[in-house]
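What follows is calculated from the coordinates using simple rules that are stated; it is not laboratory data. A quick note: this is a predicted structure, and the numbers were derived from the prediction, not measured. Note: ideal-geometry Cβ built from the backbone for every residue, glycine included; neighbour counts use all protein chains shown.
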Amino acid sequence: MLNIVLLAINAKYVHSSLAVWVIAEGIAVNSQFSHNVNIVEATINQKPSEIIDSVIKYKPDIIGVSSYIWNAAIIPELLCLLKKRLPDVTIVLGGPEASNNIDHWLKNGADHVLPGEGEYVFPKFSDDLVSAKLKYSGHTGHKKEQKKDFCSKSNLINPYTKEYLSALNGRLSYIETSRGCPFKCAYCLSAGDGVRFFPLDEIKDQIKILSQSSARTIKFVDRTFNCNAERAYEIFRSIISLDTVCTFHFEVAADLFDDRMMSVLETAPPGRIQFEIGLQSFHEPTLEAVSRKTDTDRAQKNILALIKMQNIHIHIDLIAGLPYETLDGFMNGFDRAYDLGAHHLQLGFLKLLHGSVLREKAKDFGILFSPDPPYQFISSPWLSEEDVQILKHAENSLQHTYNKSRFLSALHYVLTVTGLRPFSLMYLLGATVPNHGTQLENYLMQIYEFFLSLPGIEKSALQDCLSYDWLTMVKGKNAPSFMKNNLRKQSSQAAEDFLDRKLKREEFIVLNSGIGIFVNSNERNPLTGLYKVYLCE
């Protein structure tokens with residue numbers, strides 16, 4: 001018997017790790033020998049010494065570390081410190097970061113790297129150490145394991161044990177219903193793998209278990225969840241029928257939705273489903289260069305239809321730095337995406353991942369990127385470093401306004417009156433009023449002053465928009481100076497009659513237009529998180 005510690009280092013405390021729990025259950029199911037397995041979940045924000053202390057208390061013979069782009073930067077230090085504290089321990093790395101960069105990790109603290117699917121390769125490795133049938137060298141990891149056929153019921157690992165559910169403690173939970181992807185996007189590690197689906201009945205059972213857990217958000221890690229329309233339809237229908245307060249998050253391709261699927265999605269309770277839609281680019285030569293197959297017109301049509309339903313949170317992704325897309329081209333795509341009216345528009349930057357086709361071709365394309373995780377794009381023949389700074393200004397303001405559902409009516413007013421393009425406004429706002437931890441009330445006043453400087457803006461109209469926005473966000477708490485004169489100490493009688501209760505002072509304001517508005521602090525939009533605001537003329 002071996003003492004095994006499986007170490008997950010998550011990006012945030014609110015995240016949980018699926019991989020280590022799958023491997024733990026894989027050891028229980030697939031090992032020939034009985035092993036003592038303990039799981040440690042830490043975060044990149046913890047002190048290395050704290051993480052190490054939580055590991056060594058179990059006196060491990062083997063430490064298995066799950067490596068990803070978000071934790072790769074701190075793993076070498078951890079491995080070095082672990083070796084100093086436990087010189088005889090065997091350190092094993094797995095996960096996409098180590099599996100696609102084996103030599104590097106064997107030189108930086110790992111005794112072994114195990115590519116392949118952990119619920120199979122890790123039990124075999126552990127058993128081999130016990131039985132001494134194989135003697136592993138420092139280059140063990142170069143041999144990739146054959147992939148298993150998950151169509152067999154006996155091959156499905158269920159990680160949702162009592163121990164898992166107890167450790168979850170309200171954090172995000174993850175579930176995998178398929179592995180691989182039918183598409184071959186050059187920037188993705190799942191390119192060209194094909195897709196293997198887990199047994200549908202057992203997946204539904206797992207979903208039901210999670211729906212009654214302490215998790216409030218359950219994320220499906222499937223790369224393109226709706227690549228099999230019939231299967232996706234069945235899972236959507238099952239989730240919609242559940243009695244749960246959980247939200248289920250999916251990565252989907254918008255152009256693959258058909259009428260039947262759209263019909264069932266329309267029946268989802270508000271907030272039950274979230275979609276992350278990777279448009280990446282609207283520029284056809286760019287999509288072709290990275291082997292991204294998307295019918296952008298159909299995707300746009302379906303996104304508009306989904307948003308019109310008003311029951312599903314829609315998140316759209318764009319990637320800056322892809323081949324053949326200039327700053328002007330990206331700006332055009334950004335404006336097109338913004339005009340769709342999604343709840344979240346991610347302006348992301350290309351990352352050249354180990355194992356991706358695009359990383360291998362980066363030199364041919366003339367793409368420069370950081371050698372350190374997360375391997376961020378620096379420049380290309382189509383996008384200079386100066387262009388990237390412009391994009392980062394736009395990203396800053398986008399993240400602190402639109403993507404947090406902040407100042408939405410003010411943004412709409414400014415875009416309408418000034419005629420500015422969405423990207424231009426976001427760039428100007430980010431360059432003029434950067435937000436780096438600014439208090440919300442101070443940020444609002446800075447935005448207010450900046451918007452006032454733009455041509456065509458009427459002061460009273462802008463104040464009304466920002467007052468409305470402020471109530472939807474924070475119910476009027478810590479109101480900016482231009483709102484304070486309009487806040488009413490006494491509640492509006494009409495508002496009281498409407499809600500049949502006494503309103504707090506900060507929940508009611510009279511706009512410059514003479515219209516009173518009040519916020520119902522007991523009612524929030526399940527898609528945006530904003531408080532419901534009513535007009536009281």
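Things to note:
- Cα-only radius of gyration and Dmax that characterise the chain, units Å: 25.9, 84
- Under 5 Å from the amide H of Thr247 lie the amide H atoms of Thr217, Ile218, each residue being 5 or more positions distant or on a separate chain, with H modelled from the backbone and absent for Pro and chain starts.
- Gain on full extension, evaluated as 0.36 nm per residue between Ile44 and His436 minus their Cα-Cα distance, stands at 139.1 nm.
- Lys83 versus Asp258: modelled label distance in nm, points set 7 Å from Cα along the beta carbon direction: 5.5
- Cα gyration tensor, the stretch 416-476 - rounded (a/c under 1.5), prolate or oblate: oblate
- Most to least packed among 169-177, 237-245 [average Cβ atoms within 10 Å]: 169-177, 237-245
- Shape index of the stretch 3-142: Rg/Rh, with Rg the Cα radius of gyration and Rh the Kirkwood radius from the inverse mean 1/r over Cα pairs, equals 0.92.
- Of the residues Val14, Val29, Val22, the one with the fewest other Cβ atoms within 10 Å heads the list, and the complete ranking is Val14, Val29, Val22.
- Label positions at Val510 and Ser214, each projected 7 Å from the Cα along the C-beta direction, are separated by 4.9 nm.
- For Leu304, net neighbour charge (Lys/Arg +1, Asp/Glu -1) across residues whose Cβ lies under 12 Å away: +2
- Around the amide H of Thr177, modelled in the peptide plane, lie the amide H atoms of Val221, Asp222, all under 5 Å away and 5 or more residues distant in sequence or on another chain.
- Our coupling estimate for the stretch 524-529, obtained by passing each phi through the Karplus curve with A = 6.51, B = -1.76, C = 1.60 and θ = phi - 60°, is 10, 5, x, 8, 10, x Hz, Gly and Pro reported as x.
- For the chain, the longest principal axis of the Cα atoms and the long axis of helix 296-309 meet at an angle of about 60 degrees.
- Remark: spin-label model distance Ala167-Asp297 equals 5.1 nm, labels positioned 7 Å along the Cα→Cβ axis.
- Using R0 = 56 Å, the C-beta based FRET efficiency linking Lys459 and Val29 works out to 0.25.
- Cα gyration tensor, the stretch 384-457 - rounded (a/c under 1.5), prolate or oblate: oblate
- Legend: residue pairs Lys12/Lys475; Lys84/Lys107; Lys59/Lys84; Lys59/Lys83, Cα-Cα distance threshold 20 Å; pairs beyond threshold, Lys12/Lys475.
- Charged-residue dipole, Cβ positions (Lys, Arg, Asp, Glu), the chain about Cα centre, Debye nearest 20: 1040
- Karplus-derived 3J(HN,Hα), 6.51/-1.76/1.60, for each residue of the stretch 349-361, Hz, glycine and proline x: 10, 4, 10, 8, 7, 4, x, 8, 5, 5, 5, 5, 9
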